[in-house]
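Everything on this sheet refers to the single structure shown next.
The values are calculated or read from the model by the stated rules, or taken from the named source; none is laboratory data. Small disclaimer: the values here were computed from a predicted structure and weren't measured. Cβ atoms come from the backbone with ideal geometry, glycine included; neighbour counts cover every protein chain shown. What goes into the accessible areas is simple: the full protein's heavy atoms, side chains included, and nothing from ligands, DNA or RNA. Shrake-Rupley method; radii C 1.70, N 1.55, O 1.52, S 1.80 Å.
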Amino acid sequence: MTETAWPKGIFSARLIHALTDGGHIASERPYDGDQVQPASLDLRLGQTAFRVRSSFLPGPRKTVADRIDRLKLHEIDLTKGAVLERGCVYIVPLLERLALPAEVSASANPKSSTGRLDIFTRVIADGARSFDTVPAGYEGALYLEISPRTFPVLVRTGSRLSQMRFRVGDVRLSAPEHKALHAEQTLVFDPNMDVGDGVSLSIDLVGDGRDGLIGFRSKRHTAVVDVDRKNALDVLDYWEPLVNRGDNELILDPDEFYILVSRESVHVPPDYAAEMVPFDPLVGEFRVHYAGFFDPGFGHSAAGGEGSRAVLEVRSREVPFLLGHGQTIGRLVYEKMAERPAALYGSALGSNYQAQSLKLSKHFRPYP
């Protein structure tokens, strides 16, 4: 593929491999077998973590390495695994580095499992003025800021906490385009929800089944979570189940972490990707959804979805806040793919969260 042939839109797995083959993505070791997703690339931790005094952005003409030298408290070897403590800030050089074509930019987000563990992560590039964004034509190293908020976590070289998308141009849909796509392919399976500048989502506080389970609140002072071990932990050792007491409401306590679920099922058609964007701060003092990428095929019937609900990582801010059933809590914004991926998000790829309802991260055994 020539330097002028990169198509407009979000890159598929094939185009991510083309970037790699062209030397625009380099790594210290070959990709893992499932590292390239339908519309994103998982990023892997390198060999060293630096405990630093504070988060930072390097700013123009400054490197992340320079800031680390100034702020580091100590270095941690990740080659044999190490525990990152909650409440601390770490910077880890990633195995992947970039030499992007002039028209190709990138953005990053925590992986779904990372968000559901309340691990706060942000990608940093040299000279960056903002987190999780890499400008077109960037050449240099990538770093991940990691701050576990709820559980201490065991990580190692090669652990994957964040993912990156590559794109040419601004391909977010306008409000009329969202409406037209919804009319054609049904983006949200609820006639009462607004589709305009994205797809509005609301919270489910009624719950399914006889137990009325509506979510989970994290426990404090738990054991370590190994981020690379699936289906290994008992839910009740780490989470308090929340049930509907009949009022269809939930008071969020400050500095507590919750896993909740959207009332609506959503659908990402194969030629599109979506992202959960920050909610309007006027609707409440809480933060929803750390991990915001929705791959092509999420909730798509041909990929085993038939609509999937959005699991929400929720944290209140300074004051207690009352949530009510059906309250709008965020929106999905759709973007056009540069091409349809050969494989969609779903069971054929071993995707963990297709056809999901309320679900914790893949590290926990099924509940109840």
Practice prompt. Give me the accessible area per residue for the chain, probe 1.4 Å, as a whole number in Å².
Written response: 42 Å²
Discussion item. Test of understanding: in a Gaussian network model of the chain with alpha carbons linked when under 10 Å, which of A183, A128, A99 would top the mean-square fluctuation ranking?
Written reply: A183
Worksheet item: What FRET efficiency do you get for V171 and T222 if R0 is 41 Å and r is their Cβ-Cβ distance, rounded to the nearest 0.05?
Response: 0.50
Item to complete: Name all residues of the stretch 35-51 having a backbone nitrogen under 12 Å from the label point set 7 Å from the Cα of K362 along its Cα→Cβ direction, giving them as ranges.
Response: 35-37, 42
Worksheet entry | For the chain, with +1 on Lys and Arg beta carbons and -1 on Asp and Glu, the positive-most of G215, L161, L332 along the dipole | L161
Worksheet entry | Three-way shape call for the stretch 211-272 based on the alpha-carbon gyration tensor, with the a/c threshold at 1.5 | oblate
Discussion item. In whole percent, and with a 1.4 Å probe on the protein chains, what portion of the accessible area of the stretch 175-336 is carbon and sulfur?
Written reply: 48 percent
Worksheet entry | Amide proton proximity set for A128, modelled H, under 5 Å, gap of 5+ | G59
Discussion item. Given axes a ≥ b ≥ c from the Cα gyration tensor, I'd like to know whether the stretch 134-237 is rounded (a/c under 1.5), prolate (a/b larger than b/c) or oblate.
Written reply: oblate
Item to complete: Treating only the Cβ atoms of Lys and Arg (+1) and Asp and Glu (-1) as charged, compute the dipole magnitude of the chain about its Cα centre; round to the nearest 20 debye.
Response: 820 debye
Discussion item. Not counting ligands, DNA or RNA, and with a 1.4 Å probe, what is Y31's accessible surface area in Å² rounded to the nearest 10?
Written reply: 50 Å²
Worksheet item: When the Karplus curve 6.51 cos²θ - 1.76 cosθ + 1.60 is applied with θ = phi - 60°, which whole-Hz ³J(HN,Hα) does each residue of the stretch 108-124 get, with x for Gly and Pro?
Response: 10, 8, x, 5, 3, 5, 5, x, 6, 9, 6, 9, 7, 10, 8, 7, 10
Worksheet entry | Residue with peak Gaussian network fluctuation, the chain [Cα springs, cutoff 10 Å], from G212, G326, G246 | G246
Discussion item. Under a Cβ-only charge scheme (Lys and Arg +1, Asp and Glu -1), can you give me the dipole magnitude of the stretch 1-145 about the Cα centre, in debye to the nearest 20?
Written reply: 460 debye
Worksheet entry | Inter-probe distance in nm under a simple model that places probes 7 Å from Cα toward Cβ, at E75 and E339 | 4.2 nm
Worksheet, complete the sentence: For the stretch 9-168 (alpha-carbon point model, no solvent) the Debye-based log₁₀ I(q)/I(0) at q = 0.11 Å⁻¹ works out to -0.40
Worksheet item: What are the ³J(HN,Hα) values, in whole Hz, obtained from phi via the Karplus relation 6.51 cos²θ - 1.76 cosθ + 1.60 with θ = phi - 60°, for each residue of the stretch 247-258 in sequence order, with x given for Gly and Pro?
Response: 9, 6, 9, 8, 8, 7, 7, x, 6, 10, 10, 10
Practice prompt. Would you calculate, for the chain, the mean residue ellipticity at 222 nm contributed by helices, counting each DSSP H stretch of 4 or more residues as -39,500 (n - 2.57) and dividing by all residues, to the nearest 500?
Written response: -2500 deg cm²/dmol
Discussion item. Can you tell me which aspartates and glutamates have their Cα less than 14 Å from the Cα of K362? Leave out same-chain residues fewer than eight positions away.
Written reply: D118, D226, D228, D234
Worksheet item: Given H placed 1.01 Å from N in the peptide plane, which residues other than close sequence neighbours of S202 have an amide H under 5 Å from its amide H?
Response: R263, E264, I329
